[in-house]
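First up is the structure itself, then whatever we jot down about it.
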Protein chains: 2
Amino acid sequence: MQNPRVLNALHLRPTDRTPVWFMRQAGRSLPEYRKVRERHSLLEICRIPEVCAEVTLQPVRRLGVDAAILFADIMLPLIALGLDLDIVEGVGPVVARPVREANDVRALRPLEPEDVQFVADDIHATLETLAGAVPLIGFSGAPFTLASYLVEGKPSRDFLMTKRLMYARPDIWEELMSHLGRIVAAYLRAQAEAGVQALQIFDSWVGALSLDDYLRYVQPYTRMLFDGIADLAVPVIHFGTGTSSLLEAMRDVGGDGIGIDWRIPLEVAWQRIGRDRAIQGNLDPLVLLGPWEVVERESRAILDRAGGRPGHIFNVGHGIHPQTDPDQLQRLVELVHGYEPVKGA
Amino acid sequence: MQNPRVLNALHLRPTDRTPVWFMRQAGRSLPEYRKVRERHSLLEICRIPEVCAEVTLQPVRRLGVDAAILFADIMLPLIALGLDLDIVEGVGPVVARPVREANDVRALRPLEPEDVQFVADDIHATLETLAGAVPLIGFSGAPFTLASYLVEGKPSRDFLMTKRLMYARPDIWEELMSHLGRIVAAYLRAQAEAGVQALQIFDSWVGALSLDDYLRYVQPYTRMLFDGIADLAVPVIHFGTGTSSLLEAMRDVGGDGIGIDWRIPLEVAWQRIGRDRAIQGNLDPLVLLGPWEVVERESRAILDRAGGRPGHIFNVGHGIHPQTDPDQLQRLVELVHGYEPVKGA
């Protein structure tokens, strides 16, 4: 690995520069990606290894980030199972037949390695093109976040159907979440075996829950997932948004690094998580739609809060917005790499 | 005042029972409200004092809550100014011409007492009907939350346009927020002078911001608002959702009580806010769509966390969902009123 900064940070080892990558760095903010999208849908890109490798590498080439993240979608394990699920531009995942009854859950079958052979092919092609320049991160949605899309049928503000199922039918909920825990574990295992050097688990929407509900309705199944991949030799980042009150509970479940959003000051989060874990974050991605002076000010504030301690991976607190100017991203990578913590701070 | 529990709690005085009311208690969850809505739109109700009084009292009669909250909308001060703004069923506030340029801001005029004479009339009629049974709470959206609707033109998930304006044009933002601060102060003053016994400021969406952004772009204007109403002799509740990282900053601005959502355990929030303030919350309103056992379990957990200390007002963490069964609400009021904290806990 020519640039092991992200992996070193996940192992809390010192790095010459603070490592940086961006969630959704491969995507609509890059003109070269939009060009590919003129010919291929999102899911087509995931099914053609050379195109997937190309799209995954675009931000590495243009921005100089310290990691590639496999171009895919958090819903891919469910799509691989044959669910009628589409990623609709400007909307998000849309499920043709929402999962709300015991029978819907039982209709979900286990994930077999051959279901995601195409992802393994993507990874092989990407690793070959990357040629060890930076690590390749694989990922999946976490059980709760996948369940929320399955139950709602589409992105939701309040997760009404999900919470109603959880409260009213804990038996169905348990079956659904256990099942998703196994599916996600199998999917992450397949990615690790295909050669990704790190994994990120996106529990993007878990911040909609109270701590009690997280502990009761989510943690056991996320734990099942982490237990199911404990033998893998790759570090794992455990990410969610709006998780200010869930940080300890998420850390207890697992993750070499915890990914946070901008809603909590980085040093407050890191202290609560504990210094024996890496931390990833936490610029509001919409800051990147503002002028450079604001990007610089807010990014420096984050770097100052991390204080140059080993284990900080600079990132946005949620995916890059499609309207982001890639020049802004490139400049931010330079800022992060050029940052020198104030001595004695 | 026959039932001063809410006012006593806001002054940290002991109460015989934990006081309880529900945000959006007057609304679609009640059949008697839906009946009124067959004849009148939401904004019509706000313009006919007898109907407004009737709707405001419906939950007091049916549920036995310890406060009435004037039937109105957080956007009412802007509607009173003549903005082309509609409250669309199932959507929320929709602004015909979003406010994004300096000229749009300058077109907003100050709020004069005569603009909201109809609200004063509503309050007089409601107070007469209430006859001192429970206190009447008046309210308004806070400057940031009003600004977010004005700038976005409609409810938003990510507040993209709002943040972009804030970052890119701090001059326009400052003018807009100062202006809204003055408008909201004048509106709350008019309500206090008409006789409401408490006020609630809804900064519902401020939890979308980082602490730094709150301190820079919101706090000065919310402070301006609180300064503008400091001489009023009514206690104020300062509410927001997703505010886990903003609690101290919100408290520093003002509020005899701080309203929180379910995303932070109540005792954690109260400790951070300080015991010299009252706290209001914090049941996830969607719990009320679940079975009674879950409502009971989650509500008791909140009451246990408050520990019977003076200054807790039981409430939901955001508005009641229209699908909520009113029997569930009534039973919850009984549970809260019947609750005895465990001695020595």
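The values are calculated or read from the model by the stated rules, or taken from the named source; none is laboratory data. Note that the structure is a prediction, hence the values are computed from the model and not measured. Cβ: placed from backbone, ideal geometry, glycine included. Neighbour counts: every protein chain shown. Heads up: the accessible areas ignore ligands, DNA and RNA and are worked out on the full protein's heavy atoms, side chains in. Shrake-Rupley method; radii C 1.70, N 1.55, O 1.52, S 1.80 Å.
Counting only other chains, and only Cβ atoms inside 10 Å, what mean value do you get across the residues of B:165-176? Intermediate results must be reported in sequence, preceding the final value.
Numbers: counts 1, 4, 12, 4, 2, 3, 0, 0, 0, 0, 0, 0.
If you average over the peptide's residues, the count of other-chain Cβ atoms is 2.
Can you pull a Stokes-Einstein diffusion coefficient for the protein assembly as shown at 10 °C (1.306 mPa s), Rh from Kirkwood over Cα pairs, as a whole number of µm²/s?
Values: Rh = 26.3 Å.
This corresponds to a translational diffusion coefficient of 60 µm²/s.
Which of B:V94, B:L283, B:P110 sits closest to the plus end of the dipole of chain B, meaning its Cα is farthest towards the positive end, when Lys and Arg get +1 and Asp and Glu get -1 on the C-beta?
Checked the options; the winner is B:L283.
Starting from the Cα of A:R272, step 7 Å along the direction of its Cβ; do the same at B:R223; then give the gap between the two resulting points in nm.
Computed distance between label sites A:R272 and B:R223 equals 2.5 nm.
Across peptide A:286-295, what mean number of C-beta atoms from other chains lies inside 10 Å of a residue's C-beta? Walk me through the intermediate numbers first.
Details: counts 11, 7, 1, 6, 8, 4, 0, 1, 7, 1.
The mean count of partner-chain Cβ atoms within 10 Å per residue comes to 5.
Size of the dipole of the protein assembly as shown about the Cα centre, Lys and Arg at +1 and Asp and Glu at -1 on the beta carbon, nothing else charged, in debye to 20?
Dipole about the Cα centre, nearest 20: 660 debye.
Distances from B:D252 to the same position in the other copies: list them in nm, one decimal, shortest first, using label points 7 Å from Cα along Cα→Cβ.
List, nearest first: 3.1 nm.
Can you give me the Cα centroid spacing of the range B:223-293 and the range A:128-168 in angstrom?
So the two Cα centres are separated by 31 Å.
Please list, in order, the residues from the range A:82-110 whose amide nitrogen is less than 16 Å from a point placed 7 Å along the Cα→Cβ vector of B:Q323.
What the label zone holds, given the 16 Å backbone N cut-off, is A:98-102.
Which of the GluC sites (Glu not before Pro) found in the range A:57-156 are loop residues per DSSP with 16 or fewer other Cβ atoms within 10 Å of their Cβ?
The qualifying sites are A:E89, A:E101.
State the number of lysine pairs found in the protein assembly as shown whose Cα atoms come within less than 29 Å, restricting to pairs 8 or more positions apart or on distinct chains.
Qualifying lysine pairs in the protein assembly as shown: 9.
Using a 7 Å offset from Cα along the direction of the beta-carbon, what are the separations from B:G308 to the same position in each other copy, nm, ascending?
Distances between equivalent label points, in nm: 5.5.
Taking the dipole about the Cα centre of chain B, with the C-beta of Lys and Arg at +1 and of Asp and Glu at -1, give me whichever of B:M224, B:W262, B:Y214 is farthest to the positive side.
B:W262
How many percent of the accessible area of chain A is carbon or sulfur, using a 1.4 Å probe? Walk me through the intermediate numbers first.
Values: 6110 of 12500 Å².
The value for chain A is 49 percent carbon and sulfur by accessible area.
Taking the Cα centre of the range B:1-138 as origin and charging only Cβ (+1 Lys, Arg; -1 Asp, Glu), how large is the dipole, in debye to the nearest 20?
Once rounded to the nearest 20, the dipole reads 560 debye.
Of the listed peptides B:301-309, B:316-324, B:11-19, what is their order by residue-averaged count of other C-beta atoms within 10 Å, with the highest listed first?
Values: B:301-309: 18.2, B:316-324: 20.7, B:11-19: 16.3.
Answer by packing, highest mean first, reads B:316-324, B:301-309, B:11-19.
Can you pull out the chymotrypsin sites (Phe, Trp or Tyr not before Pro) in the range A:167-264 whose DSSP state is coil and whose Cβ has at most 10 other Cβ atoms within 10 Å?
Nothing satisfies the criteria.
How much length would be gained if the chain were fully extended between B:A102 and B:D171, taking 0.36 nm per residue of separation minus their Cα-Cα distance, in nm to one decimal? Each step should come with its number before you reach the end.
Details: separation 69, 0.36 × 69 = 24.84 nm, distance 0.85 nm.
That works out to 24.0 nm of additional length.
Taking Cα centroids, how far is the range B:1-57 from the range A:35-77 in Å?
53 Å
Once you've got the GNM for chain B with C-alpha springs shorter than 10 Å, pick whichever of B:L30, B:L160, B:L108 has the biggest mean-square fluctuation.
Taking springs between Cα atoms under 10 Å, the residue moving most is B:L160.
To one decimal in nm, how far is B:L160 from the same spot in the other copies, if labels go 7 Å from Cα toward Cβ? Please give the shortest first.
2.4
Give, rounded to the nearest 20 debye, the magnitude of the charge dipole that the range A:5-338 has about its Cα centre when Lys and Arg contribute +1 at Cβ and Asp and Glu contribute -1 at Cβ. Don't skip to the answer; put the middle values down first.
Details: 35 positive and 44 negative charges, 110 e Å.
That gives the range A:5-338 a dipole magnitude of about 540 debye.
Rounded to whole Å, how close does chain B get to the rotation axis onto A by Cβ? Give me the residue too, please?
Taking Cβ atoms only, the nearest residue and its distance are B:S244, 2.
Grab the beta carbon distance between A:E114 and B:A133, set R0 = 41 Å, and tell me the FRET efficiency rounded to 0.05.
E between A:E114 and B:A133, to the nearest 0.05, is 0.05.
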